[in-house]
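Taking it in order: structure first as structure tokens, then the write-up.
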Amino acid sequence: MHVYLIGLLEEVRPVKRKNKKLEEMVELIDITITFSSKDNEGYLVKSTETLSYPFEMKPKFDPLKGKFIAVPHVFITTSNGNYLFPDEKMQFFTFDKDPLLQPPVSK
């Protein structure tokens, strides 16, 4: 199943991590996204996620800092648990305002 994680792109940080299988250093970027919504009583709820991508995607994410972004992910359920992986093949979307905190549409 595909899902989108939606939030404010706050940071794009280059990092180096050791690939344990190949025993070599790999360049990546970590993007920090803060998700905001309201609970059933109308109180603000926030959480922050840090997602890793190949370093080559840095030029795509850098200009989007400070904007709201919807990042595509693949959600997989196995006998060992639930897993969420960024889907680099799908397009991500940007928004000027937080699409989750918009007033509800009246009928």
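Each reported figure results from applying straightforward, stated rules to the coordinates on display, with no laboratory input. Every value quoted in this text rests on a predicted model; they were computed, and no experiment measured them. No Cβ is skipped: glycine too gets one built from the backbone with ideal geometry, and neighbour counts run over all protein chains shown.
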Practice task
Note down the nm distance, to one decimal, between modelled labels 7 Å out along Cα→Cβ at Leu84 and at Leu28.
Solution key: 1.6 nm
Fill in the blank from the handout: Taking the dipole of the range 2-95 about the Cα centre (Lys, Arg +1; Asp, Glu -1; charges at Cβ), the one of Leu22, Asn40, Pro59 that reaches farthest to the positive side is Leu22
Problem - Those aspartates and glutamates that a straight Cα-Cα span of less than 15 Å connects to Lys60, excepting residues fewer than 8 apart in one chain - result: Glu10, Glu11, Asp30, Asp87, Glu88
Practice task
Report the net charge of residues surrounding Arg13, where surrounding means a beta-carbon distance below 14 angstrom and charges are Lys +1, Arg +1, Asp -1, Glu -1.
Solution key: -2
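If you take every residue apart from Gly66 with its C-beta less than 14 Å away from the C-beta of Gly66, what net charge results, scoring Lys and Arg +1 and Asp and Glu -1? Don't skip to the end; give the middle numbers.
On the way: positive: Lys65, Lys67, Lys97; negative: Glu10, Glu11, Asp62, Asp96, Asp98.
Local charge sum for Gly66: -2.
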Exercise for the section: Kindly put Tyr53, Tyr4 in sequence by how many other C-beta atoms sit within 10 Å of each C-beta, fewest to most. Expected result: Tyr4, Tyr53
